[in-house]
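What follows is a single structure, written as structure tokens, with notes after it.
Where a number appears in this text, it was derived from the coordinates with a stated rule and is not lab data. Note that the structure is a prediction, hence the values are computed from the model and not measured. Every residue, glycine among them, receives a Cβ derived from its backbone with ideal geometry; neighbour counts consider all protein chains shown.
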Amino acid sequence: MRILLTNDDGYHAPGLEVLEAIARQFSDDIWVCAPSEEQSGAGHALTLNRPVRLVKFAERRFAVTGTPTDSVVMALRQVLDDCPPDLILSGVNRGANLADDITYSGTVSAAIEGALAGVRSIALSQVHTPQSLASNAPFEAASEWGAKVLAPLIDTPLAARTLINVNFPPVAAADVKGIRVTRQGFHDYARGTVVEGKDPRGFKYYWFGLDPIEHTLDHGTDLEAIEEGFVSVTPLQLDLTHYSTIGVLAERFSG
Ligand code: MN
């Protein structure tokens, strides 16, 4: 089984090493093609207004001077053009990709690009709290639970244009309660704050912060599973159509 690894935290991110250790439990045919620099929050961006470069670090190991989506495109169309991967794994992201994080997420978007190309694709993220991030092994839950979560996902039949979003709770591996299949939750309020500052020349700048966001823990959501100490496994679809609204709008526009 050929596995392509990518992420949005960048080629040198610790989470990519964690992901490779998980992937090697399933195959030795591992390829890496990841952004050369951090691209968190890049969403599904595709670089169109400048060239991208492919940097080869070693056999089967590449970085791309672009977004996570660029990395998957380069991997599929250039690096692995005549030998496509059977599986794309994106992560392990440093931080949650839950609820409405999903459309901002470069990690999930790399998996979206894989799903669009017809390759089984799974995004993996390690949820963090300030405490878990400061611990000795901030990716411990992902390290220990990664293979357990992936094993059934590797051969479960998936519909076209779907992907899987996995999040690991911010606790020690021994404290993980188990694995839950969930739906996407939504935070209650718009995300983030805008912090204003002044640069060394006195000009204003603005920096988006990611303060903790309040949310109601709807039953069955990814947010609830993580809050209760479970690994969340959420199937996602690329068809964003809201079907019941089609009829409503069609009626409004008719005649
Ligand atoms: Mn990231």
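Once you wrap a convex hull around the alpha carbon atoms of segment 54-204, what is its projected area averaged over all directions, in nm²?
The directionally averaged projection comes out at 12.7 nm².
Taking the DSSP beta bridges with both ends in the chain, the antiparallel portion is around 35 percent.
Extent along the principal axes, Cα only, for segment 6-106: 34, 34, 22 Å, with the longest axis given first. Candidates Val55, Pro35, Gly202 compared by Cα position along the dipole of the chain: farthest toward the positive end lies Val55, with charges placed on Cβ. In the chain, taking the dipole from charged Cβ atoms about the Cα centre, the farthest positive-side position among Gly114, Met74, Asn93 is held by Met74. Annotation: extensible slack from Val55 through Thr156 equals 33.0 nm (criterion: 0.36 nm per residue apart, minus Cα-Cα distance).
The alpha carbon gyration tensor of the chain gives principal lengths a ≥ b ≥ c with a/c below 1.5, which makes the shape rounded.
Segment 98-171 to segment 221-255: how many Å between their Cα centroids? When both Cα centres are located, 19 Å separates them. Please list, in order, the residues from segment 82-121 whose amide nitrogen is less than 17 Å from a point placed 7 Å along the Cα→Cβ vector of Val181. Hits in segment 82-121 for Val181 at 17 Å: 121.
Here segment 128-255 is treated with +1 on each Lys and Arg Cβ and -1 on each Asp and Glu Cβ, and its dipole about the Cα centre works out to around 420 debye. Simple spin-label estimate for Phe253 and Tyr205 gives 4.4 nm between the two label positions (7 Å along the Cα-to-Cβ direction from each Cα). Highest mean first, the peptides 211-218, 40-47, 224-231 sorted by other C-beta atoms within 10 Å per residue fall in the order 224-231, 40-47, 211-218.
Which value at 222 nm does the chain reach when only helices count, each DSSP H run of 4 or more adding -39,500 (n - 2.57), with the total divided by all residues and rounded to the nearest 500 deg cm²/dmol? Computed mean residue ellipticity for the chain: -7500 deg cm²/dmol.
Counting only C-alpha contacts under 8 Å and six or more residues apart, can you give the relative contact order of the chain as a whole percent?
Here the relative contact order equals 17 percent.
Rg/Rh for segment 100-188 (Cα atoms only, Rh after Kirkwood) is 0.98.
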